[in-house]
Amino acid sequence: MAILELSSWWSPYVYATKVHPKEWMPGSASADMRRAIWAHPDFHADSRRCVWEKIVLIIFESYPALPNMEGQLSAFNVPNHSLSQSELLGIFGMSLSGGSKPAKPSTSKKGKAKKIEEEEYGDLEYVDGQDDDDNDSGEEREDMSADDDEDRDMRKGESRQERLDRREKEKVQAEARAKSLAMEAAQATKILINSRKVSSPALAYCDKAWTRKSKITSEAGANAFRGQDLIKWHTWEWAALLGPSRTRILRILGCLTIFEACAIHHYRPSLLSDPTGGAATIRFKIETDTAIFRITRVATNLIQTTLDQPKQRPSKVAITLTWPDCIACAKPTVDSFDLHTELSRQNQAILRLAQQTQIQCVITCVESQRVAWEDTTNTALARDRPPLEEAVQHALEGLVLALNANAYRQHSDYLGLDEFKDDFSMDIDGLDVVYRGGLEGPPKVPTQKKKFIVLARTECEGHMEDTIMNVSGKDPGYGSQPSAPLVEPTD
């Protein structure tokens, strides 16, 4: 995960490799990062091999910072990029055919997988059919799981009618957001289609400096759509596309660009604003150690000359390294990380996640049984989230407490923390699980990571401005590092 994140700093589309059409197959994340570095315009063309070797050396020297970055990424709500092309276009209210998003296909008919009518557009989508009996038997389970996903943030004391009204309001907002996103995606697609076509693009994989040829036409203007500046950092020569599928492919690229721009600003400013984190340490080290390979400029320092202070020769300094995301980085306050400590934290996080999943399965199993509900009429449905019977609720709370205490002892023994395994505190060491309460007791709802939503442009701009102000106002060290003096190589 850390290597993938590091690669996305250079090639912003590497997260969404599987969403791309088959015309772009970059290979591994590190291979695409290498190709992006070979084309970075801030480095001298004849020194880009040295830049790549220097960055590989930084990765090995700063290896303990990578597990620390893994922990940072797990704490943030990194958007899920495991989308199909249909799901991606569905976010923008579009389909592979270019029209509006089609209605959800019915699965009431029996039979094998059914093909959606998209053969003429290239990519094929399949939907597994299910028998009617299976659908009927699992109806309550599906309703309950859907409600569990949607009602994790259920407000305390909210009735079912209030919940329905809230969902209706959110539905109206989502429709307005989808309309705005569809207009922006259509604008991005139009700009990409009207860009100048490229002939004889660079090879897909090369071991020498190269220059991107695919560019957006200057007539489009700046910031015509979100992520417009990300396009010029793509390692794919998309402007060389030909054939009848060109429009469809560029439609996907336009939607993906907007999605990636929103995804990057959803978590990365917070990731890079932590001066004690591994992400800021690695990024700062890359900026500092690659200064000698960057293009230089003449310093603009103005010095008044006098008889005692003759005119000085202008000095050359390296330009500031340009990152595709244009996000400022914190000046790190930690020089190094302890590998043993970072690996122990990573192992503990993996173990705690497995234990949390197991306990949540136990809770869900109990709550899904009708015999555990406070329901004397036997008419309640799972989607109504009926409260548990008081004795059952107390027993479940006791079971959750016992399971948490045992989980704490297990990972204390696993990590060799025998002196701490008897100091269990539910408030501090308890796992983050959720269960609904009884008639009198409120439900236990842990702090949930906010679900990632591709916002409309007006919503996203306000959010980005707040994020930039929060990051840039923390410390004078925030921001890209000032131009470093060029060090002359020694013989």
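The values are calculated or read from the model by the stated rules, or taken from the named source; none is laboratory data. Just so it is clear, the structure is predicted and the values come from calculations on it, not from any experiment. Cβ atoms come from the backbone with ideal geometry, glycine included; neighbour counts cover every protein chain shown. Keep in mind that these areas ignore ligands, DNA and RNA; they rest on the heavy atoms of the full protein, side chains included. Shrake-Rupley method; radii C 1.70, N 1.55, O 1.52, S 1.80 Å.
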Taking a crude spin-label model, label points 7 Å out from Cα along the C-beta direction, the S84 to K179 distance in nm is 2.9
If the chain between Q346 and E162 were fully extended at 0.36 nm per residue, the gain over the current Cα-Cα distance would be 62.1 nm
With label points set 7 Å from each Cα along the Cα-to-Cβ direction at S47 and S200, the distance between them in nm comes to 3.0
Taking only the alpha carbons of region 323-413, the radius of gyration and the largest Cα-Cα distance, Dmax, both in angstrom, are 21.6, 65
Expected unfolding gain across V298-K190 under the 0.36 nm per residue rule, minus the alpha-carbon gap, is 34.8 nm
Of the listed links K54/K232; K213/K316; K18/K232; K18/K208, those spanning more than 28 angstrom between alpha carbons are K213/K316
Simple spin-label estimate for K316/A380, 7 Å along Cα→Cβ, in nm, reads 7.7
With +1 on the Cβ of every Lys and Arg and -1 on the Cβ of every Asp and Glu, the dipole magnitude of region 6-88 about its Cα centre, in debye rounded to the nearest 20, is 160
Residues meeting the amide H criterion for M94 (H placed from the backbone, H to H distance under 5 Å, 5 or more places apart or on another chain) are K101
To the nearest Å², the heavy-atom accessible area per residue of region 11-94 with 1.4 Å probe amounts to 41
Ordering 65-76, 358-369 by per-residue average of other C-beta atoms within 10 angstrom, highest first, gives 65-76, 358-369
Whole-percent carbon and sulfur contribution to the accessible surface of region 1-103 (1.4 Å, no ligands, DNA or RNA) stands at 58
Answer in debye to the nearest 20: the dipole magnitude of region 202-282 about its Cα centre, from +1 Lys/Arg and -1 Asp/Glu charges placed on Cβ, is 300
For region 313-396, the accessible surface attributable to carbon and sulfur atoms (probe 1.4 angstrom, ligands and nucleic acids excluded) amounts in percent to 56
